[in-house]
1. Among LEU96, LEU42, LEU50, determine the one that fluctuates most according to a GNM of the chain built with springs between C-alpha atoms less than 10 Å apart.
2. Of the heavy-atom accessible surface of the chain (probe 1.4 angstrom), what whole percent is carbon and sulfur?
3. So what are the ³J(HN,Hα) numbers for the stretch 156-168, from phi and the Karplus equation (6.51, -1.76, 1.60; θ = phi - 60°), rounded to whole Hz, Gly and Pro as x?
4. So what are the ³J(HN,Hα) numbers for the stretch 88-96, from phi and the Karplus equation (6.51, -1.76, 1.60; θ = phi - 60°), rounded to whole Hz, Gly and Pro as x?
5. Accessible area of MET10, 1.4 Å probe, to the nearest 10 Å²?
6. Just grab the label-to-label distance for ILE86 and LEU64, each label 7 Å out from Cα along the Cβ direction, in nm (one decimal).
7. List the longest stretch of the chain that has no exposed loop site; here a site is one of the GluC sites (Glu not before Pro) assigned by DSSP to anything other than H, G, I, E or B, with at most 10 other Cβ within 10 Å.
8. Set the Förster radius R0 to 25 Å, insert the Cβ-Cβ distance between LEU250 and ARG133 as r into 1/(1 + (r/R0)^6), and round the FRET efficiency to 0.05.
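The values are calculated or read from the model by the stated rules, or taken from the named source; none is laboratory data. Source: prediction; values computed, not measured. Here the Cβ positions follow ideal geometry from the backbone for every residue, glycine too, while neighbour counts run over all protein chains shown. Surface areas here come from the heavy atoms of the whole protein model, side chains and all, with no ligands, DNA or RNA. Shrake-Rupley method; radii C 1.70, N 1.55, O 1.52, S 1.80 Å.
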Amino acid sequence: MSELPEKPLMEHVYDLLDTVRKVLAINIAFIVLLLVLPAPHLLPEKYTPLTFYIMEYMRKVVLLHEENVVLKPIAKVFGVNSSRVILISHGWFDSLTAAVITSAMVTIIALGPVSLYLIYKFVEPGLYPHERRILKKYLVAIAVLFTAGALYGFYVVVPLTFMIALWIADLSGAAPLFSIQDFYQNILLGSLAIGVFFMFPLLVLALGKIGVVDYTTLRNNWRYVLFLTLALLAILTPDPTPTSALALGLPFIGLYFLSMWLLRKTNK
């Protein structure tokens, strides 16, 4: 089988720009659809764009700690009453900005696999068959780990962080008034950050591939790594209690041992 002729450099650049254009176009179109399409179950009684229905669901997940199985006992101990929280709009278009932020979050999570597929199709012609198999596995792992992390951040870490912020506000006697734009922006950033955090095993696997770390090193030093990680999380997390640090630290323990297992399997 004869090899395909190598393309000129500028043709590769044009292909890359075309891939970026497709990714942006699909994502922007999906965001616009979320902002325009109505929530079907509310028709024909009233027209509510799908994004605003999703925002209401997100608000309940983050604020209603009394209905969250994980956070309910913690909220009871801290005496947090989320029903007093009021989201306010500082400017004319703060609510619209919050809607766009929400649509962007849903789009990144929902269309992440599609974006990865388009990127794969761009690099596929330059790969050998064994490289294609490896890259496919990596892309599937990226999609699974990122989605799992984003959902964990949305349902556990972000509500827990907001609950601690609300508890501190109550202790200081401040009225629980929060900007609607900042509220949804923090949900977006927190969820996406946890999604990236969950891809830690792939980083370790990549470092193992180039010889920076190995299975033996991870196995012999896991106690020190976990201790330093938990200590660092306790310093960096915004609340003075260990709850947020544990919410991030416990998944990290699982991810660390998953990294060890992947390195061991790869070496074999």
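1. LEU42
2. 70 percent
3. Per residue, the Karplus-derived 3J(HN,Hα) values read 10, 5, 5, x, 5, 4, 5, 4, 5, 4, 5, 4, 5 Hz.
4. Result, rounded to whole Hz: 10, 10, 6, x, 4, 10, 4, 5, 5.
5. Only protein atoms counted, so the area is about 100 Å².
6. The modelled label-to-label distance comes out at 2.2 nm.
7. Excluding the exposed sites themselves, the longest stretch runs over 46-268.
8. Working from the Cβ atoms, E equals 0.15.
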